[in-house]
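Let me begin by presenting the structure, written as structure tokens, before commenting on it.
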Amino acid sequence: MTRQQLFEQIKEKESFLCVGLDTDIKKIPKHLLDAEDPIFEFNKKIIDATKEYAVAYKPNTAFYEAHGAKGWESLQKTLEYIPKDIFTIADAKRADIGNTSSMYARAFFENMDFDSVTVAPYMGSDSVKPFLEFDRKWVILLAATSNPGGLDFQDVIVSSDGEKLYERVIRKSAEWGNANNIMYVVGATRPEALIGIRRLVPEHFLLIPGVGAQGGDLKAVCKYGMNKHCGLLVNSSRGIIYSDSTEKFAEAAGKEAHKIQVEMAEILQRL
Ligand SMILES: O=C(O)c1cc(=O)[nH]c(=O)n1[C@@H]1O[C@H](COP(=O)(O)O)[C@@H](O)[C@H]1O
């Protein structure tokens with residue numbers, strides 16, 4: 001999917017919501033456990049209930065890989081079930097030496113046909129570039145993450161002018177691609193980081209996880225992170241998909257997604 005197509009979706013749906021499909025078999029309603037593929041059954045119902053309000057879905061591959069071959073099948077079926085006009089993110093946080101990264105890229109872009117994959121920058125340019133060789137596919141590079149441990153390395157000052165490691169990651173990696181094939185991950189829990197990040201990459205899309213269960217603030221994120229093409233995909237996983245654990249779980253997820261979408265529509269009107 002291109003940046004323009006993504007922006008068109010955002011305008012049409014008045015939403016920049018990404019629903020995280022972090023589907024934990026221990027948390028899904030009990031009545032689904034008799035199904036042949038409970039994870040897929042759950043995802044199908046969540047997708048049906050939220051697709052009107054979401055411009056992206058982000059299955060975190062850990063929740064599928066944990067089940068071995070069957071989990072990968074659930075992931076593939078889920079991907080195929082997501083409507084084609086909705087942006088898809090394989091949240092796999094990959095990267096390795098070049099020839100291995102090429103295989104990861106093939107796994108998610110050719111074998112599975114995701115629009116994007118999350119990538120860890122620690123191994124540098126040759127570990128990231130193989131993901132950038134695919135037309136209309138995206139790398140979503142970890143920059144300033146939402147977890148407390150993110151501060152351990154990402155905020156270390158790496159130059160005499162006060163540049164932080166995550167800023168260096170963004171500044172350098174922006175030279176490997178462009179705003180049409182790289183996005184950055186910035187946690188909703190640290191909106192203040194967005195001020196400096198927008199100076200470095202005013203045009204790029206940012207994936208912002210951490211609203212909902214991790215307590216990030218949508219308004220603060222938008223205040224500091226939005227650009228004239230919105231430039232944000234804001235993810236919530238547990239806050240949406242587990243809003244209810246009864247047979248009405250999908251309805252509740254739909255309501256929660258709608259609530260966030262209404263807030264987003266109001267914010268988008270001010271663009
Ligand atoms: O790359 C991510 O998506 C990610 C980066 C980050 O800094 N923080 C973060 O929470 N995530 C992911 O975003 C999702 C957040 O889930 P909830 O906290 O349940 O909304 C999980 O799949 C995380 O792995």
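The values are calculated or read from the model by the stated rules, or taken from the named source; none is laboratory data. Fair warning: this is a prediction, and the values are worked out from it, not measured in the lab. A quick note on method: Cβ atoms are made from the backbone with ideal geometry, for glycine too, and the neighbour counts reach across all protein chains shown. The protein model used for the area step is the full one, side chains on, heavy atoms only, and it has no ligands, DNA or RNA in it. Shrake-Rupley method; radii C 1.70, N 1.55, O 1.52, S 1.80 Å.
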Residue check, I170 away from the ligand (no atom under 16 Å from the Cβ), out of contact with any Asp or Glu (no Cβ under 6 Å at 6 or more places or on another chain) and either under 21 Å from Y122 (Cβ atoms) or at pLDDT 95 or above (or both): no
Sole residue being more than 26 Å from Y122 (Cβ to Cβ) and among the hydroxyl-bearing types (S, T, Y), chosen from T78, T61, T100, T88: T78
Test: residue in the range 107-126 that is small (G, A, S), more than 16 Å from the ligand (Cβ to nearest atom), farther than 23 Å from Y57 by Cβ and free of Cβ contacts under 8 Å to residues at least 60 places away in the same chain: yes
Selected residue (criterion: surrounded by the most Cβ atoms within 10 Å (Cβ to Cβ)) from residues of the range 129-149 that are touching a residue at least 40 places away in the same chain (Cβ under 8 Å) and more than 15 Å from the ligand (Cβ to nearest atom): K137
The lone exception for N178 - which of (1) within 16 Å of the ligand (Cβ to nearest atom); (2) part of a loop (DSSP other than H, G, I, E, B) it fails: (1)
Selection status of L233, assigned to a helix (DSSP H, G or I) and within 16 Å of the ligand (Cβ to nearest atom): no
Flag if E251 is touching a residue at least 40 places away in the same chain (Cβ under 8 Å), part of a helix (DSSP H, G or I), among the acidic types (D, E) and out of contact with any His (no Cβ under 6 Å at 6 or more places or on another chain): yes
Counted residues, the range 80-118 - those being open to solvent by less than 10 Å² (accessible area, probe 1.4 Å), small (G, A, S) and touching a Ser or Thr at 6+ places or on another chain (Cβ under 9 Å): 3
Matching entry among A188, A213 (being open to solvent by 10 Å² or more (accessible area, probe 1.4 Å), within 9 Å of the ligand (Cβ to nearest atom), assigned to a loop (DSSP other than H, G, I, E, B) and hydrophobic (A, V, I, L, M, F, W, C)): A213
Given (1) assigned to a loop (DSSP other than H, G, I, E, B); (2) in contact with a strand residue (DSSP E or B) (Cβ under 6 Å, 6 or more places away or on another chain); (3) more than 21 Å from D22 (Cβ to Cβ), index of the condition S159 fails: (2)
The one condition in (1) over 16 Å from K248 (Cα atoms); (2) free of Cβ contacts under 8 Å to residues at least 12 places away in the same chain; (3) loosely packed, with under 15 Cβ neighbours inside 10 Å that E52 fails to fulfil: (2)
